[in-house]
Amino acid sequence: MFSMECPSCNFHHNDVFSAEERKPARFTLFIDKPDLLRARVVRSGSGTFRLPEFGIDVEPGPAAESFITNVEGVLQRTISVVKTAISFAETPEEKAKGAEILANMNRAIEGEFPFTLVIEDPAGLSGVILDDMSQVKYEELSIEEASELKGAPFWIDTIREGYTAKE
C-alpha cells in the first residue's frame, strides 16, 4: 500500500503495488446473501469495477486511487455518485431511472436485491477476498482484454501498439 500527502497543499494519493508481477485478472462475485456484503474488496488505481444489474461501470481516471473496503462500501461509494447524477439529470426520464437505480442499490444493501460485482484489473492487483474463495470466480484476462481497460499500465500500451490480430 502506498500513500502520500503534501502538508502544504493537502494533495494526497493512495495506491496498491505488488513486489511481484501479477497477471491481468477479473474477479466476479454474485451477492445473493447479506453476509456477502462483508466480502473484502481491494481496488488498485488501475482497477475497474462493474455492477451490471445497476448498469454501472466505474473506470479509473489518471489520478485514480486505490481503496480497501467491503462490497457494501463499494455500494455506498457508488450511491453518492448516483445521487449526484440524479441532481444533474436533465429529463424526468433520466431522474426516474436514477431513482430506480438508487432504490435498488438501497435494497441491495438491505440484502433484498441480488447483484453482481465484477472487478477487472490489467495490473492484477485488485480483487475480492472471502473466507470461502470458491464463491469468487477468478479469470485471467488476455493481453487483448487487459489492453481494453482504462487504467492499463504503460507496459500494456506497448503491447497494444505492437499487437496484430491473428488471422
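Bear in mind that the values in this text are calculations on the coordinates, not laboratory data. Since this is a predicted model, take the numbers as computed values, not measurements. Backbone-built Cβ (ideal geometry, glycine too); neighbour counts: all protein chains shown.
Per-structure values
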read-out: Mean Cβ neighbour count within 10 Å, used as a protection proxy, ranking 97-109, 37-49 highest first; value: 37-49, 97-109
read-out: Only Lys, Arg (+1) and Asp, Glu (-1) charged, at Cβ; segment 22-151 dipole about Cα centre in debye; value: 320
read-out: All lysines inside 20 Å of Lys95 as judged from Cα atoms, apart from same-chain residues fewer than 8 positions distant; value: Lys83
read-out: Distance violations [Cα-Cα > 19 Å] among Lys33/Lys137; Lys33/Lys97; Lys97/Lys150; value: Lys33/Lys97; Lys97/Lys150
